[in-house]
Amino acid sequence: MKSLSFLAVGLFSGALAATVSQDATCGGTNKYTCLGSQFGNCCSSAGWCGSTTAYCGTGCQSGFGNCGSNNGPSSTVASSTKAPSSTKASSATPAPSASGSATQCLSDKKVPYKVSADAAYAQLAEPYNLRLPYKPAVIVLPTTNQHVQDAVVCGGKAGLKIQAKSGGHSYASFSSGGKDGSMVIDLEPFQTVALDKTSGVVQVGGGVRLGNLADGIYTQGKRALSHGTCPGVGVGGHATHGGYSHTSRSWGLAMDAITAADVVLANGTLVKASSSQNSEIYWGIRGAAESLGVITTFYMQTRAAPESVTYFAIPWTGIFNSKATFTNSFLRLQEIARNSSIIDDRISFGVYVDNYGTFSLSGAFFGSVSEFNSKIKGEFLRNMPTSGEVTVKPYSWYDYLILVAGKDSIKEPLTGYSEHDTFFAKSLTVPEKDGLSSAALDAFYTYSQTASSKSVEFYSIINLYGGPGSTINKKDTNFAAYADRDSLWVFQNYGQGANTVSFMNGLQDAVIKAQPQTQFGAYLNYVDPSYDAATAHKLYYGDALYARLLALKKAVDPKNVFWNPQSIGA
């Protein structure tokens, strides 16, 4: 047996002198192997180490680790000769020691946590997107800022990568670490919503969900914020990666309301970040917080809630009957979206399409029903196919929030949240100066018609970000580390089914290739796990913004403690 092991090691070393991955990457230019790494023994198709089926299953790279299962038959790097998995694993087993070191440290500091042996672990570890399940080495459940500070120090010393979890809705499961073996700091206990009625600033715990935030500020003082419609989404990821709302064209994004934040840095210190204190950190967390620290508390400037909101919805039938009808219909809506005699900052709308032929428009107008009907409604109907029944109805602010949430209440449980889905999503930001061309819309239509043959269900929501008066686009990257300030439209493409990944990638590629003169981007809150780090950085930030963020990352987190597969410095 010793001879066999020696021979295997000799063959392994002779093939490439493979290096065990220290940063969770595998294959590629560096040709790191996952065998014996703390992240798992399998190398995924995207070049990341892990131990679940997402890494060991379809697309697994057998040249850089095990495939089939984490403990399955191992494979040497760049060679068809196979070495016993025990050879490399026995020489380095950092995962148990790293995890054990971290939990011992947490225990010594009396920081609450759960590991896989605990009964509560499975529910805590279950992600929103069940397509991407990861197994954190330890889930920290802090109840104080000091707990978070101690956890960051413990995880960093143990060599674990750390990610904070606010609501856990990351489309890529980055709030679960984005790989196996991370430390997840679950901020669920941080549920403060405290409104200062004099200043209008609300103090928001890092684990507060949007529905509870909206309910809290309205019931405490009839105040409001820009934020998304899904009440179960956590404030942490949502507000630090944009945060689009039907009020955003008038008020800006959720991010724009952040006046300060309490942030735990990689060295365990707690700092206040604002325009006057730690201003570069304040700039960076509004766009890349997950790479820089853990935000335990937000301070956000609220606004007086509107007395009334005019909701409108217009369905059309038959638009998918032909390519020409589809393309011309969207071009007509795009024409309206750019027309300042029709559109101002008081209106927001989006177009919804799906594989069942649905084509509808809905939104909010912060004016009266009579003004909408006299000025805007007719324009949406003119030069369009015959519509179905049009809805134009006034709502109180709170009732409007319930309406767009699609639920009976916007309030969410403080513990035990259990909504999940299985999906793959992508985003596409369309520059205002370009808009969508007829060729791009033709390509979208043509490719979308293949969904049924590929057993895929999908929908696309195409929201108006820009247009006349848009407050979103009045700011730039000097205000915050957020690049999406020049879009006309933002797509969310969301699919389910066995062939979803290839279909959704194909749909997006079809649009991009049909409009090669345009530099499309992507939206951070619809994070796409299929991108490698370099592609993600370019699409989400662009070169200049990323360079500034990277310099900040090196200053505040030189050991890359806060990490996910697309984080700054990954």
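The values are calculated or read from the model by the stated rules, or taken from the named source; none is laboratory data. Treat the numbers as computed from the prediction; the structure is a model and nothing was measured. Quick reminder, even Gly has a Cβ in these numbers, built from the backbone with ideal geometry, and neighbours come from all protein chains shown. Just so you know, the surface numbers come from the protein's heavy atoms only, side chains and all, with ligands and any DNA or RNA stripped out. Shrake-Rupley method; radii C 1.70, N 1.55, O 1.52, S 1.80 Å.
Worth pointing out:
- The listed residue being open to solvent by less than 10 Å² (accessible area, probe 1.4 Å) and either more than 13 Å from the chain's Cα centre (by Cα) or under 26 Å from HIS238 (Cβ atoms) (or both), out of VAL501, VAL511: VAL511
- Some residue of the stretch 285-293 being under 29 Å from PRO142 (Cβ atoms), in contact with a strand residue (DSSP E or B) (Cβ under 9 Å, 6 or more places away or on another chain), part of a strand (DSSP E or B) and β-branched (Val, Ile, Thr): no
- Test: residue in the stretch 381-389 that is part of a loop (DSSP other than H, G, I, E, B), closer than 21 Å to THR229 by Cα and open to solvent by less than 50 Å² (accessible area, probe 1.4 Å): no
- Odd one out for THR144, checked against (1) open to solvent by 30 Å² or more (accessible area, probe 1.4 Å); (2) within 29 Å of PRO558 (Cβ to Cβ); (3) touching a residue at least 24 places away in the same chain (Cβ under 8 Å): (3)
- Residue in the stretch 180-194 that is open to solvent by 30 Å² or more (accessible area, probe 1.4 Å), closer than 20 Å to GLU419 by Cα, out of contact with any Ser or Thr (no Cβ under 6 Å at 6 or more places or on another chain) and in contact (Cβ under 8 Å) with a residue 12 or more places away in the chain present: yes
- Which numbered condition GLN301 misses (of (1) open to solvent by less than 50 Å² (accessible area, probe 1.4 Å); (2) under 30 Å from SER567 (Cβ atoms); (3) of a type outside the set (Lys, Arg)): (1)
- Number of the exception - SER470 against (1) of a type in the set (Ser, Thr, Tyr); (2) over 19 Å from the mean Cα position of the chain (by Cα); (3) open to solvent by less than 40 Å² (accessible area, probe 1.4 Å); (4) over 23 Å from ARG286 (Cα atoms): (4)
- A search for C-beta distances below 7 Å between a residue of the stretch 437-466 that is at negative phi and any residue that is among the charged types (D, E, K, R) and in a loop (DSSP other than H, G, I, E, B), counting only pairs 6+ apart in sequence or on different chains, returns GLY466/GLU432.
- Considering the stretch 104-223, the qualifying strands (runs of 3 or more DSSP E), each wholly inside and each with 1 or more residues that are at pLDDT 95 or above and touching a Phe, Trp or Tyr at 6+ places or on another chain (Cβ under 8 Å), run over 138-140, 162-165, 201-205.
- Every pair of residues 6+ apart whose Cβ atoms lie under 8 Å, when the first sits in the stretch 327-347 and is of a type in the set (Lys, Arg) while the second is open to solvent by 50 Å² or more (accessible area, probe 1.4 Å): ARG332/ASN383
For (1) surrounded by 14 or more Cβ atoms within 10 Å (Cβ to Cβ); (2) touching a strand residue (DSSP E or B) at 6+ places or on another chain (Cβ under 8 Å); (3) of a type in the set (Phe, Trp, Tyr), each residue gets a yes or a no:
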{"position": "ASN328", "(1), (2), (3)": "yes, no, no"}
{"position": "THR358", "(1), (2), (3)": "yes, yes, no"}
{"position": "SER368", "(1), (2), (3)": "no, yes, no"}
{"position": "ASN373", "(1), (2), (3)": "yes, yes, no"}
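- Filtered by the rule that a residue be open to solvent by 10 Å² or more (accessible area, probe 1.4 Å), closer than 7 Å to SER226 by Cβ and either modelled with pLDDT under 95 or not in a helix (DSSP H, G or I) (or both), the stretch 246-258 gives no residues.
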